[in-house]
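A short write-up of the structure that comes next.
The values are calculated or read from the model by the stated rules, or taken from the named source; none is laboratory data. Small disclaimer: the values here were computed from a predicted structure and weren't measured. In this analysis, Cβ positions are derived from the backbone assuming ideal geometry, glycine residues included, and neighbour counts consider all displayed protein chains. Only protein heavy atoms, including side chains, enter the accessible area calculation; ligands, DNA and RNA are left aside. Shrake-Rupley method; radii C 1.70, N 1.55, O 1.52, S 1.80 Å.
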Amino acid sequence: MEVNQFKVIPVTNHRYRLKYHFSAPSGWMNDPNGLVYFKGFYHVFYQYYPYDSSWGPMHWGHARSEDLLHWENLPVALVPGDIEDEDGCFSGSAIVKDNKLFLIYTGHHYYDKNDQDNFWQNQNIAISEDGIHFKKYEKNPVISNPPSDNTQHFRDPKVWEHDGIYYLIVGSQNSEKLGRILLYKSKDLLNWQYNGVVTVAKNIKNDGFMWECPDLFRLNGRDILLFSPQGIERQKNRFLNLYQTGYFIGKFNYLNSQLKHGSFEELDKGHDFYATQTFIAPDGRRILFGWMDMWEASMPEKRDGWAGALTLPRELILHDSKIYMLPVSETKSLRRKKVLDQSLSVSDTKLDLSNTKHLEINLQANFEEWLGSYFEVYLKTTDDKEMSLTFNTKTCLLTLFRSGPDPYRYGKTLQNKKIKIRIFIDTSSVEFFINDGEVVFSERFYYEGKMNINLCANEQITVNSQIYDLK
Ligand code: FRU
């Protein structure tokens, strides 16, 4: 099956189109899928509906890049509608074997198309020699059913190889309605054997009813389970999004398929971060993309014929039992011009910038011997949209404010003597990386007109500032 090019929705207004973040050429996108390096290119696949700017029967959109930042759109890799994936090709992953690229994805099926709450899901393979054209495996599905103690929720396979054996984990829900991760094993990527439960939620309120988009990998000698649980209850400063994305740190035992782990930590504290996936770059870096949006967010770009974007690619680093996320070093190549390089003496200081649409801002301040208690970066647009990041040096609390519904998000750093803030501003997004990725906020930010940027503090302070205009 192919995409009907005559029916593809066009982009009708470019006001919110991002310049250096990935988004679909038009139409709807959500999760990044199948992240892989293959034959000289980084590949990104993504959950895609080409005919509308709202979610619909899922396709796999596809693009490739040599630098993780400039993307060439390729033909849609997977189109739903075959017997194994009648109502959607849901999320999944990729792996290279025998010089071929294998995709493994979830087939989605409704018993009755008018009742979208009742469905079944299976796991399928598609194969490519050139990394552009994919053929679904003729014996799909490769995993037809979840184990008998599972509900219908059974999706998002993530595959990897370990000591010559292939493993995959899949997100699921057990018959007590608790989120969990299942493990399968294979010698050839085609015949899979169920190997048990990696870990399961203890209760819905704290752990969630369904765990989507699992990813299991080693980072600095520890095993990390990264996933997107649904159903965790809001707490005062945590779990404030509709759904979460975060991780356990632990030790995975290949003999009994179980992960022993600590508590769940959110990976990004912003409003717009979900359904992440990671992969290994040829130089060994563990790189992550997330969907820089949230289910049920308003996404005003829908009116313009598109919706959804990916975060900047981020390198993951484990440090003091915490995952840090840093924009990949390739982002330095986006710098077109240094527009400011100064030690500013700040109390309420407007940055003198002629263009604020596409910027990288680097700020450093030292709070030793400082009498104040807060430092803030404040963005305000001529159409009255506001965003701020406030650091309280007494409590180490970082508060993100975005005007609109449910405005506050919170993070905490371990350092109060100094701060390093790196901000990436694109047409309709802002990402804050604090203290080399210790705390990150990912935000969509929609405005028209101009934006002013102010640095504020309740006592005069020196802020070392380097700002770049980005290509
Ligand atoms: C996560 C998710 C996945 C599913 C896909 C469907 O955002 O719900 O679990 O495979 O999106 O588009």
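Can you tell me which residues in segment 277-310 are assigned to a loop (DSSP other than H, G, I, E, B), charged (D, E, K, R) and crowded, with 24+ Cβ neighbours inside 10 Å? Walk me through it before giving the result.
Step one: filter segment 277-310 for residues assigned to a loop (DSSP other than H, G, I, E, B), giving 281-285, 292-299, 305, 308-309.
Filter once more, so that each one left must be charged (D, E, K, R): 283, 285, 293, 296.
Within segment 277-310, 293 is the sole residue that qualifies.
Take the conditions touching a residue at least 60 places away in the same chain (Cβ under 8 Å) and either out of contact with any strand residue (DSSP E or B) (no Cβ under 8 Å at 6 or more places or on another chain) or part of a strand (DSSP E or B) (or both) and apply them to residue 353. Does it pass?
On the way: touching a residue at least 60 places away in the same chain (Cβ under 8 Å): yes; either out of contact with any strand residue (DSSP E or B) (no Cβ under 8 Å at 6 or more places or on another chain) or part of a strand (DSSP E or B) (or both): no.
Considered against the rule, which asks whether it is touching a residue at least 60 places away in the same chain (Cβ under 8 Å) and either out of contact with any strand residue (DSSP E or B) (no Cβ under 8 Å at 6 or more places or on another chain) or part of a strand (DSSP E or B) (or both), residue 353 comes out as no.
Note down all Cβ pairs under 7 Å where the first residue falls in segment 103-124 and is among the β-branched types (Val, Ile, Thr), the second is away from the ligand (no atom under 13 Å from the Cβ), and they're at least six residues apart or on different chains.
Within 7 Å, the pairs are 104/125; 104/159; 104/168.
Of all residues in segment 52-90, which are within 14 Å of the ligand (Cβ to nearest atom), on the phi < 0 side of the Ramachandran plot and open to solvent by less than 40 Å² (accessible area, probe 1.4 Å)? Spell out how you get there, then give the answer.
Within segment 52-90, the subset within 14 Å of the ligand (Cβ to nearest atom) is 52, 54-61, 78, 80, 85, 87-90.
Narrowing further to those that are on the phi < 0 side of the Ramachandran plot: 52, 54-61, 78, 80, 85, 87, 89-90.
Answer for segment 52-90, where residues must be within 14 Å of the ligand (Cβ to nearest atom), on the phi < 0 side of the Ramachandran plot and open to solvent by less than 40 Å² (accessible area, probe 1.4 Å): 56, 58, 59, 60, 61, 78, 80, 85, 87, 89, 90.
From (1) within 21 Å of the chain's Cα centre (by Cα); (2) hydrophobic (A, V, I, L, M, F, W, C); (3) away from the ligand (no atom under 14 Å from the Cβ); (4) open to solvent by 20 Å² or more (accessible area, probe 1.4 Å), pick out the condition that doesn't hold for residue 239.
Here residue 239 meets the rest and fails (4).
Among the strands (runs of 3 or more DSSP E) lying completely within segment 117-196, list those that include at least 3 residues that are more than 16 Å from the ligand (Cβ to nearest atom) and closer than 20 Å to residue 218 by Cα. First the steps, then the outcome.
Working: elements: 119-128, 150-162, 165-174, 179-186.
Output list reads 150-162, 165-174, 179-186.
Would you confirm, using the coordinates I've provided, whether residue 383 is out of contact with any strand residue (DSSP E or B) (no Cβ under 8 Å at 6 or more places or on another chain), over 26 Å from residue 43 (Cα atoms) and at pLDDT below 95?
Numbers: out of contact with any strand residue (DSSP E or B) (no Cβ under 8 Å at 6 or more places or on another chain): yes; over 26 Å from residue 43 (Cα atoms): yes; at pLDDT below 95: no.
Considered against the rule, which asks whether it is out of contact with any strand residue (DSSP E or B) (no Cβ under 8 Å at 6 or more places or on another chain), over 26 Å from residue 43 (Cα atoms) and at pLDDT below 95, residue 383 comes out as no.
Restricting to segment 397-449, and then to whatever is among the acidic types (Asp, Glu) and under 21 Å from the mean Cα position of the chain (by Cα), can you tell me which residue is farthest from residue 324 (Cα to Cα)? I'd like the intermediate steps shown before the answer.
Filtering segment 397-449 down to residues among the acidic types (Asp, Glu) leaves 406, 426, 431, 436, 438, 443, 448.
Filter again for under 21 Å from the mean Cα position of the chain (by Cα), leaving 406, 426, 431, 436, 438, 443.
On the way: 406: 26, 426: 22, 431: 14, 436: 7, 438: 5, 443: 17 Å.
Among residues in segment 397-449 that are among the acidic types (Asp, Glu) and under 21 Å from the mean Cα position of the chain (by Cα), the one farthest from residue 324 (Cα to Cα) is 406.
When you check residue 149 against the structure, is it more than 25 Å from the chain's Cα centre (by Cα) and charged (D, E, K, R), yes or no?
On the way: more than 25 Å from the chain's Cα centre (by Cα): yes; charged (D, E, K, R): yes.
Answer is yes for this residue.
Here is a list of conditions, (1) more than 16 Å from the ligand (Cβ to nearest atom); (2) of a type in the set (Phe, Trp, Tyr); (3) open to solvent by less than 30 Å² (accessible area, probe 1.4 Å), and residue 37 meets all of them except one; can you say which number that is?
(3)
Please specify each residue of segment 279-322 satisfying the condition of being more than 16 Å from the ligand (Cβ to nearest atom), within 23 Å of residue 161 (Cα to Cα) and hydrophobic (A, V, I, L, M, F, W, C).
If the condition is that a residue be more than 16 Å from the ligand (Cβ to nearest atom), within 23 Å of residue 161 (Cα to Cα) and hydrophobic (A, V, I, L, M, F, W, C), then 279, 280, 281, 287, 316, 317, 318 are the ones that fit.
Any residue at all in segment 368-375 that's of a type in the set (Ser, Thr, Tyr) and closer than 30 Å to residue 42 by Cα?
Kept after step one, since they are of a type in the set (Ser, Thr, Tyr), are these residues of segment 368-375: 373-374.
Checking which are closer than 30 Å to residue 42 by Cα leaves us with none.
The answer is no, given that none of the residues of segment 368-375 is of a type in the set (Ser, Thr, Tyr) and closer than 30 Å to residue 42 by Cα.
Residues to consider are 446, 408, 468; find the one that is open to solvent by 20 Å² or more (accessible area, probe 1.4 Å), closer than 25 Å to residue 341 by Cβ and at pLDDT 95 or above. So that I can check it myself, show each step before the final result.
Details: 446 fails: closer than 25 Å to residue 341 by Cβ; 408 fails: closer than 25 Å to residue 341 by Cβ.
Every option except 468 fails the conditions.
Among the residues of segment 217-236, write down those that are crowded, with 21+ Cβ neighbours inside 10 Å, within 16 Å of the ligand (Cβ to nearest atom) and part of a strand (DSSP E or B).
225, 226, 227, 228, 229
Could you list, in sequence order, all residues of segment 242-258 that are over 23 Å from the mean Cα position of the chain (by Cα) and under 19 Å from residue 277 (Cβ atoms)? Give the steps one after another, and end with the answer.
First pass over segment 242-258, keeping only residues over 23 Å from the mean Cα position of the chain (by Cα): 251-258.
Scanning segment 242-258 gives a single hit, 252.
Report, by residue number, each residue of segment 198-216 that is crowded, with 18+ Cβ neighbours inside 10 Å and either away from the ligand (no atom under 16 Å from the Cβ) or closer than 18 Å to residue 93 by Cα (or both).
Residues of segment 198-216 that are crowded, with 18+ Cβ neighbours inside 10 Å, as a first pass: 198-199, 201, 204, 207-216.
Of everything in segment 198-216, those that are crowded, with 18+ Cβ neighbours inside 10 Å and either away from the ligand (no atom under 16 Å from the Cβ) or closer than 18 Å to residue 93 by Cα (or both) turn out to be 198, 199, 204, 207, 211, 212, 213, 214, 215, 216.
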